[in-house]
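Chemist: So that we are looking at the same thing, I have put the structure below in structure tokens.
The values are calculated or read from the model by the stated rules, or taken from the named source; none is laboratory data. Not measured: the values here are computed from a predicted model. Cβ placement follows ideal geometry from the backbone for every residue including glycine, while neighbour counts extend to all protein chains displayed.
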Amino acid sequence: MPEKGLFLQNVIAVVWDFDRTLSPYYMQKPLFDAFDIDEDMFWREVNALPDYYKRAGITVQRDTCYLGHMLSYVREGRMPGLTNAKLRELGGNLVFYPGIPELFELLRGVLLDPRYVESDLRLEHYVVSTGLAEMIRGSEIAPHLAGIYASEFVEEPAKPGANLSGKPGMGPISQIAGFLDNTTKTRALFEINKGVNKEHSISVNDSIPEDERRVPFKNMIYIADGPSDIPSFSVVKKHGGQTCAVYEAGSKASFDQALSLQENGRVAFIGEADYREEKPTYMWLQRQVSRMAERMVAERKKTFQSKVGRGPNHLSDAE
């Protein structure tokens, strides 16, 4: 457990889902295009996998079984030679909603107010996704991110008895290195909250008082598009953070889904997935960053004043 005062608690974290939140498409689309794979057919197969494997008494996770199916496509020559480097390259083809990536720097600009600069307040953006980390790393938004939590692959696995002091072999992806599903996304939120990504001596399972964590949840904004993010919405909202559900412009089904989340108390705000300056979603995000910054400055001032022992004043003749 870190010593008291390890973190200044001067960070506001904006945490983003990816698919249908930052991008109008599932991020695997450039991958399917590159290998001439029928995207609809792939997802139909994936959706059928839980029932297929259940007949053999095997339970697979609906959120992440697509990863294993991708490896089957590689193994069967449908995505020949797919490497992590190729995934990163294809990430450069990802398409984003209007206002992205400009929004990232515009929100940081909120903290250029001299009062916030004096308090050394900072804003960090994170992506927490069930998608592919390497594609996000290769995308246009990567330079704006303080961290990426997503699924990853091993290329050449270590052989039994191998010398593990060297560098892993390179080649087509062949194993799942790690993954996030819609429930374990909350683990990533706690890692950001506790500062595990910045102080490697800390484990996400360490007990750290809320007032000693790097990014208290009340300094966090979580943005996503659907019911699958309810566990993450709940964690952030329960601990005093802000939550936003976005919807596709012109889609009644997407709007109804977001509205249902708001009506059921899951999110504080719903807005169109259009992040340009003149749009309501940008204005709401700007307002939340500004309000958090104001509160953080006020809390610091209050803490400072509580620790100052006031010296005696001169008494007037009337006293």
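Chemist: Of the residues VAL74, VAL60, which single one is of a type in the set (A, V, I, L, M, F, W, C), assigned to a helix (DSSP H, G or I) and farther than 30 Å from TRP284 by Cα?
Modeler: So the residue among VAL74, VAL60 that is of a type in the set (A, V, I, L, M, F, W, C), assigned to a helix (DSSP H, G or I) and farther than 30 Å from TRP284 by Cα is VAL74.
Chemist: Anything in the range 77-106 that is assigned to a loop (DSSP other than H, G, I, E, B), under 18 Å from GLY138 (Cβ atoms) and among the small types (Gly, Ala, Ser)? List them, or say none.
Modeler: Within the range 77-106, GLY81, GLY92 meet the criteria.
Chemist: Condition check: part of a helix (DSSP H, G or I) and either among the hydroxyl-bearing types (Ser, Thr, Tyr) or at pLDDT 95 or above (or both). Does ALA298 satisfy that?
Modeler: no
Chemist: For the range 206-234, which residues satisfy the criterion of being assigned to a helix (DSSP H, G or I), surrounded by 20 or more Cβ atoms within 10 Å (Cβ to Cβ) and not hydroxyl-bearing (Ser, Thr, Tyr)?
Modeler: PHE217, ASN219, ASP229, PHE233
Chemist: Please go through the range 24-43 and pick out each residue that is not hydroxyl-bearing (Ser, Thr, Tyr) and not in a helix (DSSP H, G or I).
Modeler: PRO24, MET27, GLN28, PHE35, ASP36, ILE37, ASP38
Chemist: Would you please list the contacts, defined by Cβ atoms under 7 Å and residues six or more apart or on different chains, that run from a residue in the range 182-201 that is over 11 Å from VAL128 (Cα atoms) to a residue that is charged (D, E, K, R) and surrounded by 23 or more Cβ atoms within 10 Å (Cβ to Cβ)?
Modeler: If the second residue must be charged (D, E, K, R) and surrounded by 23 or more Cβ atoms within 10 Å (Cβ to Cβ), the pairs left are LYS194/ARG214; GLY195/ARG214; LYS198/ARG214.
Chemist: Would you check which residues across the range 192-231 are farther than 27 Å from GLY271 by Cβ and at pLDDT 90 or above and list them?
Modeler: Hits for the range 192-231 are LYS194, GLY195, VAL196, ARG213, ARG214.
Chemist: For the condition among the aromatic types (Phe, Trp, Tyr), within 14 Å of the chain's Cα centre (by Cα) and surrounded by 17 or more Cβ atoms within 10 Å (Cβ to Cβ), what is the one hit in PHE179, PHE190, PHE153?
Modeler: So the residue among PHE179, PHE190, PHE153 that is among the aromatic types (Phe, Trp, Tyr), within 14 Å of the chain's Cα centre (by Cα) and surrounded by 17 or more Cβ atoms within 10 Å (Cβ to Cβ) is PHE179.
Chemist: Tally the residues that are surrounded by fewer than 18 Cβ atoms within 10 Å (Cβ to Cβ) and within 22 Å of the chain's Cα centre (by Cα), restricting the search to the range 113-136.
Modeler: 1
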